[in-house]
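Nothing in this text is a laboratory measurement; each read-out follows from the coordinates by a stated rule. Computed from a prediction, not measured in an experiment: that's the story for all the values here. Note: ideal-geometry Cβ built from the backbone for every residue, glycine included; neighbour counts use all protein chains shown.
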Amino acid sequence: MRISPMELAERAAALTAASSPCRTCPNACRAERTAGEFGRCRLGGGARVAGYGPHFGEEPPLVGRFGSGTVFLSACNLACLFCQNARISQDREGTDVTDSELAGIFLRIQEMRCHNLNLVTPTPHTAAIVRALRIARDAGFSLPIVWNCGGYESAEVLRHLDGIVDLYMPDLKYGNDAVARELSGVGDYVARSQAALLEMHRQVGDLMIDDDGVAQRGLLVRHLILPKGLAGTEEVMRFIVEEISRDTYVNVMGQYRPCHRASEIPSLRRRITKEELDDALERARSVGLHRLAPF
Ligand code: SF4
């Protein structure tokens, strides 16, 4: 962590203030979360955890030898009809935890020798996470922090994470707002996610990997291919190469399967074809990206 304890305390206070009335994410519900009100994500003032532990299914630079120390946080600021974790993100499966309990989880991840702390769907939890990091840091916590989010972030809020987060791993889900509105319930995903990625890259730069193949710092983008080109892959890849960096690490994900409420949308009722995945990879290569997965 590259900021002083005093600065960390000030960031925690600023983020707590921004959560009530809540402007933590672009939904800007203005719910008084610290007074018990719920906004769109239906998360209160504290954090809620569905599970944690070493995870070996993430991208190899995060997994290394001992695994990525994943903390699955409940609730989400998006409402994707095809969510593959809907029980956690939409049904909020999990347990409410205090800041001290969350700090204890971070410390246990470190005791497990994981290479990093991988916070999954952290966005609505931002204030509680930074408060917990204050506590954990005082107790010796020092792992790199991974912000594993859906991309629908407030660039202003992200600025409070400068010097705290080491690895940003956002989804860049869509290149078209009409599709984002229909499938994820937000009408300004493209502009918000693009502004967020610019801020993330400003903070941490391109992905840096050490001699052991373990990620230390930087940006890693995930893009899930949807059937019938719904994800707008060409627009997404063009934005990355033209506005972020042609050295951006991009995981082009072909594992889409119909989940949650996907059956409501005829185009989403099937997996993608090999041709669709090959076409997405070719579009990424053709605009100049070269650090491409699937890993
Ligand atoms: S974090 Fe939740 S309550 Fe806050 S603005 Fe976003 S959706 Fe609304």
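Things worth noting here:
- Considering region 140-295 at the alpha-carbon level, its Rg and Dmax are found to be 15.7, 51 Å.
- Helix 99-111 and the long axis of the chain differ in direction by around 70°, with both axes built from C-alpha atoms.
- Whole-angstrom gap from region 93-131 to region 196-261, using each part's C-alpha centre: 24 Å
- Integer Hz, Karplus 6.51/-1.76/1.60 couplings in order for region 160-175, x for Gly and Pro: 6, 9, 4, x, 10, 7, 9, 10, 9, 10, x, 6, 10, 7, 9, x
- Most to least packed among 171-177, 64-70, 124-130, 108-114 [average Cβ atoms within 10 Å]: 124-130, 171-177, 64-70, 108-114
- Angle between the chain longest axis and helix 189-204 axis [Cα atoms, degrees, rounded to 10]: 60 degrees
- In order along region 126-136, phi translates into HN-Hα couplings of 3, 5, 5, 4, 5, 4, 5, 5, 4, 5, 5 Hz, rounded to whole numbers, per the Karplus curve 6.51 cos²θ - 1.76 cosθ + 1.60 with θ = phi - 60° and x for Gly and Pro.
- When you count the other C-beta atoms within 10 angstrom of each residue and take the mean per peptide, 238-244, 163-169 line up highest first as 163-169, 238-244.
- Using Cβ point charges alone (K and R +1, D and E -1), the dipole size of region 132-244 about the Cα centre works out to roughly 280 debye.
- Build a GNM of the chain with springs between Cα atoms under 10 Å apart, and of Ala132, Ala14, Ala35 the one that fluctuates most is Ala35.
- Three-way shape label, region 49-100, alpha-carbon gyration tensor, a/c 1.5: oblate
- Cα gyration tensor category, rounded, prolate or oblate, for region 1-65 with a/c compared to 1.5: oblate
- Over 31 Å [Cα-Cα, the chain], rounded percent: 23 percent
- Our coupling estimate for region 144-151, obtained by passing each phi through the Karplus curve with A = 6.51, B = -1.76, C = 1.60 and θ = phi - 60°, is x, 10, 9, 9, 9, 10, x, x Hz, Gly and Pro reported as x.
- Near Gly218, the amide H atoms lying under 5 Å from its own belong to Leu167, Tyr168, Met208; only residues 5 or more places off or on other chains count, and H is placed 1.01 Å from N.
- Rounded to the nearest 20, the Cβ-based charge dipole of the chain about its Cα centre (Lys and Arg +1, Asp and Glu -1) stands at 580 debye.
- The shape of region 1-117 comes out oblate: with a ≥ b ≥ c from the C-alpha gyration tensor, a/c is at least 1.5 while a/b does not beat b/c.
- Packing-based order for 263-270, 149-156, using average beta carbon neighbours within 10 Å, highest first: 149-156, 263-270
- Projecting the Cα atoms of Ala79, Thr34, Gly51 onto the dipole axis of region 19-178, where Lys and Arg carry +1 and Asp and Glu carry -1 at the beta carbon, places Thr34 farthest toward the positive end.
- For Asp171, distant residues with modelled amide H under 5 Å away: Cys149, Gly150, Gly151, Arg222
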